[in-house]
Amino acid sequence: MPGALNWPQTPTPDGRFLFVAPGSNPQLIPHAIGPGGELTAGTPLAMPDVPVDIIISPNNRDAFVVVGLQNAQVVPVRIGADGTPTLNGSAVPFGESLDGIASGTISPDGKQLYVATLLPQQLLVFDVNADGSVAPAKQRASTGVNPIYPRVTPDGRHVYVIDELMGSVTGFLRAADGTLTEIEGSPWPTGFLPHVPSFTPDGSFLYVPNMGSGHLRSFAVQPNGVLTPLPDVAFAPEKPGTFAESTVMSPSGEVLWALGTDPARGGEEILRRFTIGADGVLDLDESVAAYTGTYFANGRTMSLVPRR
């Protein structure tokens, strides 16, 4: 739907369903994913405000839709066996009128939501109850300017959030109760307008695309959470002005996929493939430069699901 606020798309971890949430008609729409990747739409669930992000628990059962350009809320959702979403308790307000345009993630143990609220420049911590409902935010940790797309390391020990307008990434230590303490030395520079990042499955490396710079920034993640820069790699060295906006990691941890936009083709999106060396350094596979027929969208523009 060109020109509409259609930000979120998120698959279940088991690859059975893809959920999308258009902003022009706020609702959560499930799609069953067929063996060849084909999508079959199911029964939608109305949302109370503009959906901005969809977070799905590792249990494939509980989902959380972040809604609102201001006065944001988390809407807890239960995913049925056939993918049909239903409300799972009351929506939980963030707590401040400026809260909104928020993106989030969930801890690997499914016990906490981490949601970045844009204008307040904070990362909120919500506990997830055993029934999948959400408790009020218990912490508001300060971030850089325009925090977006937080990520938790696979071992659950560290949390990172992109500071879009600062060109950096802020890192936190995660305590046993899910609360956060900023890591010494944080934040770390990325590039101009960093966007949707990815970890390797073992949490050893972090990759950050930059919507305003021609490179992907790579980091080695130290045991204490400190990020050590690795060599930058150009997204499309043969296409000046073509920058990356989103990344997804292969389950093997051996390949990073990155999606960007080519201004020479009116902003059409182009998919690139990078192999990952043992040292974490990316290597561009020049044989893969696939135009998708889609155009720039400022959000989660790409998902990867396991084959079943």
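Structure values in brief
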read-out: Selection count where residues are open to solvent by 60 Å² or more (accessible area, probe 1.4 Å), of a type in the set (A, V, I, L, M, F, W, C) and under 12 Å from residue 123 (Cβ atoms), scope the stretch 137-194; value: 0
read-out: Some residue of the stretch 239-248 being among the polar types (S, T, N, Q) and in contact with a helix residue (DSSP H, G or I) (Cβ under 9 Å, 6 or more places away or on another chain); value: yes
read-out: Single match in 108, 150, 120, 136 (criterion: within 18 Å of the chain's Cα centre (by Cα) and not in a strand (DSSP E or B)); value: 108
read-out: Those strands (runs of 3 or more DSSP E) lying entirely in the stretch 197-306 with at least 3 residues farther than 24 Å from residue 171 by Cβ; value: 255-262, 268-276, 282-295
read-out: Qualifying residue in the stretch 238-257 (condition: basic (Lys, Arg) and open to solvent by less than 40 Å² (accessible area, probe 1.4 Å)); value: no
read-out: Which listed residue is in contact (Cβ under 8 Å) with a residue 12 or more places away in the chain, within 17 Å of the chain's Cα centre (by Cα) and under 19 Å from residue 149 (Cβ atoms), from 247, 261; value: 247
read-out: From the options 35, 58, 48, residue that is touching a residue at least 60 places away in the same chain (Cβ under 8 Å) and either within 17 Å of the chain's Cα centre (by Cα) or not in a strand (DSSP E or B) (or both); value: 35
read-out: Among the candidates 62, 53, residue that is among the charged types (D, E, K, R), over 23 Å from residue 247 (Cα atoms) and open to solvent by less than 20 Å² (accessible area, probe 1.4 Å); value: 62
read-out: Selection within the stretch 206-255 - among the hydroxyl-bearing types (Ser, Thr, Tyr) and farther than 29 Å from residue 267 by Cβ; value: 228, 252
read-out: Top-ranked residue of the stretch 119-136 - restricted to ones that are open to solvent by 10 Å² or more (accessible area, probe 1.4 Å) and in contact with a strand residue (DSSP E or B) (Cβ under 7 Å, 6 or more places away or on another chain), ranked as farthest from residue 80 (Cα to Cα); value: 121
read-out: All positions within the stretch 15-37 that are open to solvent by 50 Å² or more (accessible area, probe 1.4 Å) and at pLDDT 95 or above; value: 16
read-out: Residue among 12, 43 that alone is open to solvent by 20 Å² or more (accessible area, probe 1.4 Å) and either in contact (Cβ under 8 Å) with a residue 40 or more places away in the chain or closer than 18 Å to residue 88 by Cβ (or both); value: 43
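The values are calculated or read from the model by the stated rules, or taken from the named source; none is laboratory data. Being a predicted model, the structure only gives us computed values, none of them experimental. Ideal geometry is used to build each Cβ from the backbone, glycine not excepted, and the neighbour counts take in all protein chains shown. Protein only, heavy atoms only, side chains kept; ligands, DNA and RNA dropped before computing areas. Shrake-Rupley method; radii C 1.70, N 1.55, O 1.52, S 1.80 Å.
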